[in-house]
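To start, the structure itself, in C-alpha cells.
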Amino acid sequence: MKMPFSRMGLIFLISVLALSVSACGSGEKGSDGSEVPEKITIGTDTSFVPFEFLNQDTGEYEGFDIDLVKAIAEKIGIEYELKPMDFNGLIPALQTGNLDMAIAGMTITDERKKVVDFTRPYYDAGLYILVRSDEKSIKGVEDLKGKVVATKQGTTSFNYASKLDGLKEVRPFPNIDQAYMELEKGSADAVIYDSPNVLYYIKTKGKGKVKAVGDLLQAESYGIAFPKGSPLRDKVDEALGELMEDGTYEKLYVKWFGQKPPKKE
C-alpha cells in the first residue's frame with residue numbers, strides 16, 4: 001500500500017529536523033573526543049576565604065571565585081552545579097571525569113599541567129609567613145630554622161615549606177583554619193599560606209592576634225582547571241578574557257579585595 005505523499009513528506013521533514021537537532025547538540029569537541037555538556041559540575045574548596053566560602057547566615061556559597069564562575073556561566077550560556085570538596089580531591093576528580101571544571105585558588109604549576117588543563121591566570125598571588133602578633137624573633141623565611149610551621153596539605157604552601165632547610169617540623173592540615181588555630185594556641189611558630197587568604201584572616205578573625213612578616217614568597221598565579229583535552233577549557237578561557245576586557249572582572253576584584261587588580265607589564 002502506498003503512503004500518501006503529504007504523510008511521506010511529513011516524515012521526511014521530521015527526520016531532517018531530528019538530524020539537525022542532533023548535529024546542533026553535538027557541540028564543540030575536545031582533543032579527547034568529549035563534548036561540552038549543557039550543565040556542568042564545578043568542584044571547589046569552600047574553605048578558601050575570600051575566594052569561596054559558606055556564608056553561615058544565608059547558607060549560600062560566596063566569594064570572588066563564586067562570583068567569577070557565575071559571570072563566566074552567564075557569558076557562555078551554560079548551567080552549572082557547585083560541588084564542594086577537599087582541595088586534595090579536586091584534581092583526581094577532574095582526572096576521573098567526576099568534575100567538568102575546578103576553581104579553588106588553584107596555583108598553576110608545571111606538575112599540575114601534566115594532568116589537567118588550565119585557563120589563563122586569573123589572579124596573581126604568592127605566599128606569606130604568618131606569626132603571632134607578639135612574635136619578635138621571626139622576621140622572614142631565614143628565621144624559621146628550628147621552628148614548627150603549619151600549613152594546608154596538598155597545596156603549594158605545603159610544598160614550599162617542605163623544601164625549607166632546618167625546620168623542626170611541617171604540620172599539614174586538611175583545612176587552613178586548623179593551621180591558624182595551631183598558631184594562635186602556640187602549637188606552631190608560624191603558618192605559610194597563600195597571601196590573599198592570610199591578609200584576609202589578619203583583617204578579620206585574626207585581627208590583633210597575628211601578623212604577616214617578611215617578603216612575598218614564591219610568586220604564583222591561580223587558574224581554572226579542567227580534565228585534559230576538555231573543550232570547555234577554551235570556552236571558559238575566552239569568556240574569562242572578555243570579562244577582563246569589559247570591566248566585569250575589575251568590579252569583582254574591587255568588591256572582594258578592596259582595590260583594582262594590578263596592571264600587567
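The values are calculated or read from the model by the stated rules, or taken from the named source; none is laboratory data. Remember, predicted model here, so these are calculated numbers, not experimental data. Note: ideal-geometry Cβ built from the backbone for every residue, glycine included; neighbour counts use all protein chains shown.
Restricting segment 113-143 to residues that are of a type in the set (A, V, I, L, M, F, W, C) and under 25 Å from SER187 (Cβ atoms), which is surrounded by the most Cβ atoms within 10 Å (Cβ to Cβ)?
Within segment 113-143, the subset of a type in the set (A, V, I, L, M, F, W, C) is 115-116, 118, 125, 127, 129-131, 138, 141.
Remaining after also requiring under 25 Å from SER187 (Cβ atoms): 127, 129-131, 138, 141.
Numbers: LEU127: 26, ILE129: 26, LEU130: 28, VAL131: 23, ILE138: 18, VAL141: 19.
Residue satisfying both the conditions and the ranking: LEU130.
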Those residues of segment 84-110 which are over 28 Å from TYR200 (Cα atoms) and not in a loop (DSSP other than H, G, I, E, B) amount to PRO92, ALA93, LEU94, GLN95
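Scanning segment 81-112 for residues that are aliphatic (A, V, I, L, M) and within 18 Å of PRO231 (Cβ to Cβ), which turns out surrounded by the most Cβ atoms within 10 Å (Cβ to Cβ)?
ILE103
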Identify the single condition in (1) at pLDDT below 95; (2) outside any loop (DSSP other than H, G, I, E, B) that VAL131 does not satisfy, given that it satisfies every other one. (1)
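Taking into account only those residues within segment 144-153 that are over 20 Å from the mean Cα position of the chain (by Cα) and not β-branched (Val, Ile, Thr), which is surrounded by the most Cβ atoms within 10 Å (Cβ to Cβ)? So that I can check it myself, show each step before the final result.
We begin by selecting, within segment 144-153, every residue over 20 Å from the mean Cα position of the chain (by Cα); these are 144-150.
Imposing the further condition that a residue be not β-branched (Val, Ile, Thr) reduces the set to 144-147, 150.
Values: LEU144: 22, LYS145: 11, GLY146: 10, LYS147: 18, ALA150: 27.
This residue is ALA150.
Please go through segment 231-265 and pick out each residue that is among the hydroxyl-bearing types (Ser, Thr, Tyr) and over 17 Å from the mean Cα position of the chain (by Cα). So that I can check it myself, show each step before the final result.
Our first condition is that a residue be among the hydroxyl-bearing types (Ser, Thr, Tyr); within segment 231-265, this holds for 248-249, 253.
Selection gives THR248 alone.
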Please count how many residues of segment 161-199 are within 13 Å of ILE129 (Cα to Cα), under 19 Å from the mean Cα position of the chain (by Cα) and aromatic (Phe, Trp, Tyr). 1
Does LYS114 qualify as being closer than 18 Å to GLY154 by Cα, out of contact with any strand residue (DSSP E or B) (no Cβ under 9 Å at 6 or more places or on another chain) and either in contact (Cβ under 8 Å) with a residue 60 or more places away in the chain or among the charged types (D, E, K, R) (or both)? yes
Mind listing whichever residues of segment 203-228 are surrounded by fewer than 20 Cβ atoms within 10 Å (Cβ to Cβ), within 19 Å of the chain's Cα centre (by Cα) and more than 22 Å from ASP124 (Cβ to Cβ)? LYS228
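Of all residues in segment 143-164, which are among the aliphatic types (A, V, I, L, M) and not in a strand (DSSP E or B)? Write out each step before concluding.
Within segment 143-164, the first condition is being among the aliphatic types (A, V, I, L, M), and the residues that meet it are 144, 148-150, 161, 164.
Passing the criteria: LEU144, ALA161, LEU164.
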Exception for THR156 within (1) surrounded by fewer than 16 Cβ atoms within 10 Å (Cβ to Cβ); (2) modelled with pLDDT under 95 falls at (1)
